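Everything on this sheet refers to the single structure shown next.
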Amino acid sequence: MDSVEILSQLDTAAERYAFPDLNNGYYYAVDARLHAYRDARRWALIVETVGYSPRAGNLTDILHIFGNCLTSGEPGFENADFLDRIDNWDEIEDEDQPETYCGTSIVIRGHRLDIPAEHGEELIDVLRRIVPDHRELLLADESELRRRIPADLPEIIRLDQWHHPDGGLPSESTTFSQLADVLTTGDVERYAPDAPPNTHWFHWPESGTL
């Protein structure tokens, strides 16, 4: 494996609109995480993007999965990579005022949370308030991450923030070029960011606006 192979796969996904887009007009950006895995022969990269889709009616963690050792499916995402997180959506969205909050507690993966929010607030504002204290409930657990990659493939990098490209191909991004070098060599010092992180939802004002 080499970095050209890795970046080629990511570029192909971008051309098919299967590479993570934090400014996706259908999902309000909420959170993100990146995982890189490798050994001497195999590599995998998973980028999680948590977003709120008014059309889908849930808060969803989308796993974008790449690699040369996928155990099922193709690089990018498939239907099972869309992980809805809120169990009681019908209770939290106001029927009379869509996309606003009813004021009830929110159940995420069986955990009932009381979020400091008022009836009538915009749902996206309430959902983003979940992240500081409960983000692990929104992001993927080990079984979800390993659904399409080998269970024995070591994780070598996990990023909670990075500089994500806004348009263009991944191969044109310093972040993903460096990550491709890490995946190829196993040298984590090849990831040496030269731009400030921008994965916080604040940096993606066009997300969810369609």
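The values are calculated or read from the model by the stated rules, or taken from the named source; none is laboratory data. These figures come from a predicted structure and were not determined experimentally. Neighbour counts run over all protein chains shown; Cβ positions are idealised from the backbone, glycine included. These accessible areas exclude ligands, DNA and RNA; they are computed on the full protein's heavy atoms, side chains included. Shrake-Rupley method; radii C 1.70, N 1.55, O 1.52, S 1.80 Å.
Values computed for the structure shown
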item	result
Test: A80 is touching a residue at least 60 places away in the same chain (Cβ under 8 Å), surrounded by fewer than 16 Cβ atoms within 10 Å (Cβ to Cβ) and small (G, A, S)	yes
Residue in the range 126-142 that is in contact with an Asp or Glu (Cβ under 8 Å, 6 or more places away or on another chain), under 25 Å from T60 (Cβ atoms) and surrounded by fewer than 19 Cβ atoms within 10 Å (Cβ to Cβ) present	yes
Selected residue [out of contact with any His (no Cβ under 6 Å at 6 or more places or on another chain) and closer than 29 Å to R190 by Cβ] from P116, P150	P150
Evaluation of L113 against (1) over 19 Å from P54 (Cα atoms); (2) open to solvent by 20 Å² or more (accessible area, probe 1.4 Å) (one fails), failing number	(2)
Complete set of residues in the range 144-159 that are of a type in the set (D, E, K, R) and open to solvent by less than 50 Å² (accessible area, probe 1.4 Å)	E144, R146, R148
Condition broken by Y17, with the remaining ones in (1) touching a strand residue (DSSP E or B) at 6+ places or on another chain (Cβ under 8 Å); (2) over 20 Å from H134 (Cβ atoms) satisfied	(1)
Every residue from the range 177-204 that is in a helix (DSSP H, G or I), more than 27 Å from G25 (Cα to Cα), in contact (Cβ under 8 Å) with a residue 12 or more places away in the chain and not polar (S, T, N, Q)	A180, D181, V182, L183, V188, R190
Residues located in the range 52-71, provided they are hydroxyl-bearing (S, T, Y) and under 30 Å from A40 (Cβ atoms)	T71
Failed condition for R85, given (1) surrounded by fewer than 19 Cβ atoms within 10 Å (Cβ to Cβ); (2) of a type outside the set (A, V, I, L, M, F, W, C); (3) closer than 30 Å to G57 by Cβ; (4) modelled with pLDDT of 95 or more	(1)
Among the residues listed as E136, E155, E142, the single one being more than 22 Å from V188 (Cβ to Cβ) and among the charged types (D, E, K, R)	E136
Residue ID - surrounded by the most Cβ atoms within 10 Å (Cβ to Cβ), chosen from residues in the range 160-210 that are more than 19 Å from the chain's Cα centre (by Cα) and charged (D, E, K, R)	D181
Hits in the range 43-77 (condition: among the charged types (D, E, K, R), open to solvent by 40 Å² or more (accessible area, probe 1.4 Å) and touching a residue at least 12 places away in the same chain (Cβ under 8 Å))	R55
Subset of the range 16-39 (residues that are open to solvent by 10 Å² or more (accessible area, probe 1.4 Å) and free of Cβ contacts under 8 Å to residues at least 60 places away in the same chain)	Y17, D21
Number of the exception - S105 against (1) closer than 24 Å to R135 by Cβ; (2) open to solvent by less than 40 Å² (accessible area, probe 1.4 Å); (3) touching a Phe, Trp or Tyr at 6+ places or on another chain (Cβ under 7 Å)	(3)
Helices (runs of 4 or more DSSP H) enclosed by the range 106-163 - at least 2 residues per element that are at pLDDT 95 or above and among the hydrophobic types (A, V, I, L, M, F, W, C)	123-128, 131-138
